[in-house]
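Below is one structure, written out as C-alpha cells, with a few remarks after it.
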Amino acid sequence: MTFERLRDLPDPDTLPALDPAFAHRRPALGLGDDQPPPRILLLYGSLRERSFSRLAVEEAARLLRFFGAEARIFDPSDLPLPDQISGDDHPAVRELRALSMWSEGQVWCSPERHGAVTSIMKAQIDHLPLEMKGMRPTQGRTLAVMQVSGGSQSFNAVNTLRLLGRWMRMVTIPNQSSIAMAYREFDEAGRMKPSSYYDRIVDVMEELVRFTVLLRPHADQLVDRYSERRQRDEAVDASDLATVSAGLRNAE
C-alpha cells in the first residue's frame with residue numbers, strides 16, 4: 001500500500017533540546033536484536049494548525065529516530081467518524097489500519113478536553129478493530145501514552161489512553177508524559193524548549209524502544225490464547241503438551 005497520510009517530519013535529525021552526552025543512541029542494546037529498526041506508529045489528537053499534541057508527537061518521532069527506530073506519523077485530517085462510512089470503506093481508514101499492522105509499537109498523544117481524550121484521538125482508536133480477517137492491528141504491540149494540557153498538569157487523558165491500550169490488548173509501558181500549559185513549552189517554530197517535560201519525553205521514547213525490542217521475539221506467543229484456540233478447534237502441538245507436562249513435574 002502507498003501511504004498518502006503520513007505527515008512529513010520537519011528537521012527530523014535536529015534535536016536542540018537534547019544533550020547527547022547523556023543519551024544512548026541504542027537504548028535497547030543487550031536486550032535483544034534491535035535490527036531491523038523498531039517500527040513505531042504515532043497518533044495525535046487535534047486538527048488545529050498549531051496542534052500541541054502533534055508538535056509533541058513530532059518531538060517524540062525525532063527522538064525515536066535518534067534511538068534507531070523508524071517512526072511514522074498518521075495524519076487524521078480526513079478520517080471519517082466510526083460507522084459513518086458503510087463497511088468502513090474509506091482510504092483513510094484502510095491506511096490507518098495498514099499502518100497499525102506495520103507497527104511494532106505505537107505512541108498515542110491526546111490533548112485533554114473536558115477531562116478526557118479528544119474525539120479525534122478516540123476515532124482513530126475506534127477504527128482499529130481487535131481482529132480483522134485473522135489479523136490483529138494492535139494486539140501484542142507496545143504502547144506509550146502522552147497528553148498535552150492548556151492548564152495545570154493533569155493525567156486524565158493518559159489514564160484514559162492506558163485504559164484503551166489495555167482494551168486493545170497492547171503492552172503499555174510504565175512511563176508516560178503529561179505536558180502542562182503546552183502553549184508555553186514550544187517556540188514559534190514549533191520546537192519544544194528544554195525542560196523537565198522534554199526530558200520526560202526522552203525517557204518515554206527510550207523506554208518504548210527498549211520494551212519493543214525486548215518483546216519483539218515473543219510478540220506472537222504473547223497473544224496466543226487458549227480461548228481462541230478452542231474457538232478455532234486448534235489443538236496444541238503434542239510437543240508443547242510434553243513440555244508443559246515436564247514443567248509441571250519439575251515444579252512439584
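The values are calculated or read from the model by the stated rules, or taken from the named source; none is laboratory data. Model, not experiment: these values are computed from the prediction. Note that each Cβ is placed from the backbone with ideal geometry, even for glycine, and that neighbours are counted across all protein chains shown. Calculation scope for accessible area: heavy atoms of the full protein, side chains included, ligands and nucleic acids excluded. Shrake-Rupley method; radii C 1.70, N 1.55, O 1.52, S 1.80 Å.
Of the GluC sites (Glu not before Pro) found in segment 107-199, the ones in coil according to DSSP and having at most 10 other Cβ atoms within 10 Å of their Cβ are 188. Residue ranking by accessible heavy-atom surface, 1.4 Å probe, largest first, among 52, 22 comes out as 22, 52.
With an 8 Å cut-off on Cα pairs and a minimum separation of 6 or more residues, tell me the relative contact order of segment 96-169 in percent. If you can, show how the numbers build up before the last one.
Numbers: 93 pairs, mean separation 29.7, N = 74.
It rounds to 40 percent for segment 96-169.
Close amide H contacts of residue 148 (hydrogens built in the peptide plane, cut-off under 5 Å, sequence separation of 5 or more or a different chain): 110, 112, 179.
How high is the relative contact order of the chain, in percent, counting Cα pairs under 8 Å that sit 6 or more residues apart? The partial results should precede the final answer.
Working: 399 pairs, mean separation 53.9, N = 252.
Contact order relative to length: 21 percent.
Computing mean projected area of the Cα convex hull in nm² directly from the structure and comparing it against (i) 16.6; (ii) 13.5; (iii) 21.8 singles out (i). Computed over segment 107-190, the quotient of the alpha carbon radius of gyration and 2.2 N^0.38 Å is 1.18.
Using the average count of surrounding beta-carbon atoms within 10 Å as a protection proxy, the listed peptides 26-35, 218-227 rank, highest first, as 26-35, 218-227.
At a probe radius of 1.4 angstrom, the accessible area of segment 163-234 per residue rounds to 60 square angstrom.
Suppose we take every Cα in segment 1-113 and form the convex hull; what volume per residue is that in Å³?
Expressed per residue, the convex hull around the Cα atoms of segment 1-113 is 138 Å³.
With all protein chains in place and a 1.4 Å probe, the accessible surface of segment 1-76 carries 47 percent carbon and sulfur.
For the pair segment 18-80 / segment 128-155, the C-alpha centres are spaced 14 Å from each other. Over the Cα atoms of segment 81-153, the radius of gyration divided by the Kirkwood radius equals 1.01; this is the Rg/Rh ratio.
Based on Cβ point charges of +1 for Lys and Arg and -1 for Asp and Glu, what charge dipole magnitude is obtained for segment 108-197 about its Cα centre, in debye rounded to the nearest 20?
On the way: 11 positive and 6 negative charges, 67 e Å.
Its charge dipole is roughly 320 debye.
Placing a pseudo-label 7 Å from each Cα along the Cα-to-Cβ vector at residue 234 and residue 22 gives an inter-label distance of 4.7 nm.
Label positions at residue 187 and residue 166, each projected 7 Å from the Cα along the C-beta direction, are separated by 4.1 nm. The apolar share of the surface of segment 117-221, taken as the fraction of accessible area on carbon and sulfur atoms (1.4 Å probe, ligands and nucleic acids excluded), comes to 53 percent. Averaging Cα coordinates gives a centre for segment 174-244 and one for segment 106-127; these two points are 17 Å apart.
If you roll a 1.4 Å probe over the heavy atoms of the protein chains, what accessible area per residue do you get for segment 1-91, in Å²?
Numbers: 4970 Å² over 91 residues.
With the other protein chains kept in place, segment 1-91 gives 55 Å² per residue.
By the helix-only formula, in which each DSSP H run with n ≥ 4 contributes -39500 (n - 2.57) and the sum is divided by residues, the chain has a 222 nm mean residue ellipticity of -11000 deg cm²/dmol.
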